[in-house]
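Reading through the C-alpha cells given below for one structure.
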Amino acid sequence: MVNSGLLNKMRNDVVLVNTARGDLINEDDLYCFLSQNPNSIAALDVFCEEPYIGALSNLPNTILTPHIGSFAKEARFAMEQQALQNLLNVLKQ
C-alpha cells in the first residue's frame, strides 16, 4: 500500500507510523524516500521480516521498535481479558 508512488505524493516533512502490518510498507521505497527527505520521519513497530535487519536502521529519521507496540500493562491486561472472554464464549456454545 505504501510504496514510492504514494510516498512521492506526500509532503517532505511527513510523519509515517506503522503499527499494523509490516507488509503494508515497501521498506526499500521508504528508505529511498527518507534518504531524500530528511525532514520526514518514520516510526515502525512492524516489518516485513522480523527481527528487522535492514537499511532503515541507519537513518537518523527513523524510530524502529521490535514489535512491542502493545507492550504496556493496560494493553496486555485487555488482551488477556479478551482471550478469556473468547474462551468462555466458545465453551458456552
Name every residue in region 47-78 that is open to solvent by less than 90 Å² (accessible area, probe 1.4 Å) and among the aliphatic types (A, V, I, L, M), in order of residue number. Ala55, Leu56, Leu59, Leu64, Ile68, Ala72, Ala75, Ala78
Taking region 27-53 and the residues there that are in a loop (DSSP other than H, G, I, E, B) and aliphatic (A, V, I, L, M), the one that is farthest from the chain's Cα centre (by Cα) would be Ile53
If I filter region 2-46 down to residues being under 12 Å from Leu56 (Cα atoms) and of a type outside the set (A, V, I, L, M), which single residue comes out as most open to solvent (accessible area, probe 1.4 Å)? Asp28
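The values are calculated or read from the model by the stated rules, or taken from the named source; none is laboratory data. In this text the structure is predicted, and so the values were computed from the model without any measurement. These accessible areas exclude ligands, DNA and RNA; they are computed on the full protein's heavy atoms, side chains included. Shrake-Rupley method; radii C 1.70, N 1.55, O 1.52, S 1.80 Å.
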